Amino acid sequence: MKNWKKLLACLLVSLMAVTVFTACDASVGAPIGPKPSNAESAKALCEYFKNCEHFEKMDYSEDLSEKAYNIANWVASTSVSCKPSEDKTELYRWAHVDNVVKTYLEKKSYATAFENMGMGILGTDTFTPGFDWKPDADDPSDIIFVLPKDGRVTDTMTKAAKGKTKLGVAYVVKDGVSYAVVLFG
């Protein structure tokens, strides 16, 4: 027992080495989860659209952010259906949908479509998502939601913002990376 200090030091060094070599930090391996926004966290996105020549006004909407949070919560609730792109610029969420939901999506009745998918009560069809969705080429009864990494403005987002004056945002955080669920109204 006279070498207990050396043994303890070796154990601590070993533990630190394992931590470094396995990249164990607070974000790696952290479960996927939703994260709400507020006016401050959405400020950069609002400013981006205010500074674009096509937009006169873009303000933060708490109501749209709450709806975005419902969607983010739905995305995060089935982490087995989520996968980030290799460069982590997008998060993909697969969902099995019926023809009714597909019809609502094609009609741009997003609140109704999303409610039918189990995302909660989202109210009237007065918002447009700033994230992409597309049919799954491998399974026509599935669609894929494509959420951009926070801080990235996509063509889908810019098109959705045209003619809108409010935005709401929430986030899905996976492996320490935030992906934006943006809604325009």
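The values are calculated or read from the model by the stated rules, or taken from the named source; none is laboratory data. Quick caveat, the model's predicted, so the values are computed rather than measured. Ideal geometry is used to build each Cβ from the backbone, glycine not excepted, and the neighbour counts take in all protein chains shown.
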Check your understanding: Can you pull out the residues in the range 95-117 that are within 18 Å of V182 (Cα to Cα) and among the aromatic types (F, W, Y)?
Key -> Y110, F114
Exercise for review: Just give me the residues in the range 128-152 being touching a helix residue (DSSP H, G or I) at 6+ places or on another chain (Cβ under 6 Å) and either over 21 Å from K57 (Cβ atoms) or hydrophobic (A, V, I, L, M, F, W, C) (or both), in sequence order.
Suggested key: D132
Review point. Here are some conditions: (1) assigned to a helix (DSSP H, G or I); (2) touching a helix residue (DSSP H, G or I) at 6+ places or on another chain (Cβ under 9 Å); (3) without any contact (Cβ under 8 Å) to a residue 60 or more places away in the chain. V80 meets all but one. Which one does it not meet?
Key: (2)
Review point. Among the residues of the range 57-77 satisfying the criterion of being among the polar types (S, T, N, Q) and not in a loop (DSSP other than H, G, I, E, B), which is nearest to I32 (Cα to Cα)?
Key: S77
Exercise for review: Kindly indicate whether K164 is over 21 Å from A76 (Cα atoms) and in contact with a strand residue (DSSP E or B) (Cβ under 6 Å, 6 or more places away or on another chain).
Suggested key: yes
Check your understanding: Can you name the number of the only condition in (1) over 22 Å from K162 (Cα atoms); (2) modelled with pLDDT under 85; (3) outside any loop (DSSP other than H, G, I, E, B); (4) not hydroxyl-bearing (S, T, Y) that K50 fails?
Key -> (1)
Study note, to complete from the structure: If we take the range 83-182, then helices (runs of 4 or more DSSP H) inside it with 1 or more residues that are farther than 26 Å from K43 by Cα and hydrophobic (A, V, I, L, M, F, W, C) are 99-106, 110-116
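Listed here are the residues, each with its yes/no results for (1) buried (at least 17 other Cβ atoms within 10 Å of the Cβ); (2) small (G, A, S); (3) without any contact (Cβ under 8 Å) to a residue 60 or more places away in the chain.
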position: L91; (1), (2), (3): yes, no, no
position: V97; (1), (2), (3): yes, no, yes
position: Y104; (1), (2), (3): yes, no, yes
position: K108; (1), (2), (3): no, no, yes
position: A111; (1), (2), (3): yes, yes, yes
position: F114; (1), (2), (3): yes, no, yes
position: M119; (1), (2), (3): yes, no, yes
position: T128; (1), (2), (3): yes, no, yes
position: D136; (1), (2), (3): no, no, yes
Study note, to complete from the structure: So, first residue farther than 10 Å from M58 by Cα and surrounded by fewer than 22 Cβ atoms within 10 Å (Cβ to Cβ) in the range 163-179, second residue modelled with pLDDT under 95 and polar (S, T, N, Q), Cβ within less than 8 Å, six or more apart or across chains; the pairs are D175/S27; G176/S27; V177/S27
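Filter the range 138-152 down to the residues that are under 20 Å from Y69 (Cβ atoms) and among the hydrophobic types (A, V, I, L, M, F, W, C), then identify the one that is surrounded by the fewest Cβ atoms within 10 Å (Cβ to Cβ). Full working, then the answer.
Quick first cut of the range 138-152, residues under 20 Å from Y69 (Cβ atoms) only: 145-152.
Adding the requirement that they be among the hydrophobic types (A, V, I, L, M, F, W, C) leaves 145-147.
Details: F145: 24, V146: 16, L147: 29.
The qualifying residue surrounded by the fewest Cβ atoms within 10 Å (Cβ to Cβ) is V146.
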Practice item. From L105, L7, L11, L45, grab the single residue that is among the aliphatic types (A, V, I, L, M) and modelled with pLDDT of 90 or more. Key: L105
